[in-house]
Amino acid sequence: MLLWRSLTSSISWPRPSLLTAASVFRGRIPLYNRVNPCKPIAAGRRAASFAAPRPELVREALFVPPGVAKENVTVGMVLPGSNIVVGPYAGDARIKHADFVKSSSRAKDCPKDDRPEFAIIGRSNVGKSSLINALVRQKDIALTSKKPVCAVDDVLLCCWSAGKTQLINHFLINKSWYIVDLPGYGFAHASESARMDWSSFTKGYFQNRDTLVAVLLLVDASIPPQQIDLDCANWLGRNNIGMTFVFTKCDKTKGGKGSRPADNIKQFQELIKTCYREPPPWIMTSSVTGLGRDELLLHMSQLRNFWDNNEE
């Protein structure tokens, strides 16, 4: 879907303002209305806590989906902790079923049933498995163990580890679309040849999956920006592969000290600002507190529904 990919991976964008994300992190942005995202949530006890003065809306920093005119965007249409505007393609975001389907050692061995899929990628220890478990609300569907083969609930899950077999893991969601867990990059104990194998292995997947809706590029917000994450984002952008930055671990700071997650996110965006004409979507998450879970699923629903309605 080149149209959608061009919308989410255009080259050279202005620096997104972190005002919205930082304010949400401090609990100052009104909740969006899940029934009608174009209207703020009705006044009430919960909404009252978000009644502080609203920050200025920087429309140039937003990811505006198809079907929405940028000049018509209001604060109430922006998902909390993100730059993502909710549009008409947003739909039912609930995950009712999640099943492990298969592990593939080669991109050409992945499922060929034409269901849309979201690939999750990130540096080792960024929290990929924790995010997948949080999204589907199944504790161990994506294992965090380093063992290459593990059994859970009588289902054999093949998990990769540094220096071991690298696998593409497909999870079928609601019997209609996939979450795809890709091997992490940048593992500390891998040889140079293993790193090169990861590069060719994963890039082969990206360049040959017509059913790929978008990539969720996970970035650890508890630490300063890492060059390997910037390099991955730049490669995806150069290859016109749509992505969403998912900032993980937004509930904590490494070692109890150092920069706040919002500061690290701002620094990351500052470093990458020259690479995109339009801002890719980004969102703050925490697998511990549940921050951003529902909002990320709603964003994925509008990407998926647009893909379904515009499939060639």
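Scanning segment 53-73 for residues that are out of contact with any strand residue (DSSP E or B) (no Cβ under 8 Å at 6 or more places or on another chain) and more than 12 Å from Gln302 (Cα to Cα) turns up Pro53, Arg54, Pro55, Glu56, Val58, Arg59, Glu60, Ala61, Ala69, Lys70, Glu71, Asn72. Residues in segment 229-246 that are over 17 Å from Val126 (Cα atoms) and out of contact with any Cys (no Cβ under 9 Å at 6 or more places or on another chain): Trp235, Leu236, Asn239, Asn240, Ile241, Gly242. Residue under question is Ser286, and the condition is that it be farther than 21 Å from Leu62 by Cα, within 15 Å of the chain's Cα centre (by Cα) and touching a residue at least 24 places away in the same chain (Cβ under 8 Å); does it hold? The answer is yes for Ser286. Could you look through segment 123-172, keep only residues that are at pLDDT 50 or above and at positive phi, and pick out the one that is most open to solvent (accessible area, probe 1.4 Å)? Among those that are at pLDDT 50 or above and at positive phi, it is Arg137.
In the set (1) assigned to a loop (DSSP other than H, G, I, E, B); (2) closer than 30 Å to Gly186 by Cα; (3) free of Cβ contacts under 8 Å to residues at least 60 places away in the same chain, the condition left unmet by Val68 is number (2). Given the structure, is Val180 touching a His at 6+ places or on another chain (Cβ under 7 Å), open to solvent by less than 20 Å² (accessible area, probe 1.4 Å) and at pLDDT 90 or above? It is true that Val180 is touching a His at 6+ places or on another chain (Cβ under 7 Å), open to solvent by less than 20 Å² (accessible area, probe 1.4 Å) and at pLDDT 90 or above.
Restricting to segment 76-122, give me the number of residues that are open to solvent by 20 Å² or more (accessible area, probe 1.4 Å), among the β-branched types (Val, Ile, Thr) and not in a strand (DSSP E or B). Residues meeting the conditions: 1.
The values are calculated or read from the model by the stated rules, or taken from the named source; none is laboratory data. As the structure is a prediction and not an experimental result, all values here were calculated from the model. With ideal geometry, Cβ positions are generated from the backbone for all residues, glycine too; neighbour counts draw on all protein chains shown. SASA here: full protein model, heavy atoms, side chains in, ligands and nucleic acids out. Shrake-Rupley method; radii C 1.70, N 1.55, O 1.52, S 1.80 Å.
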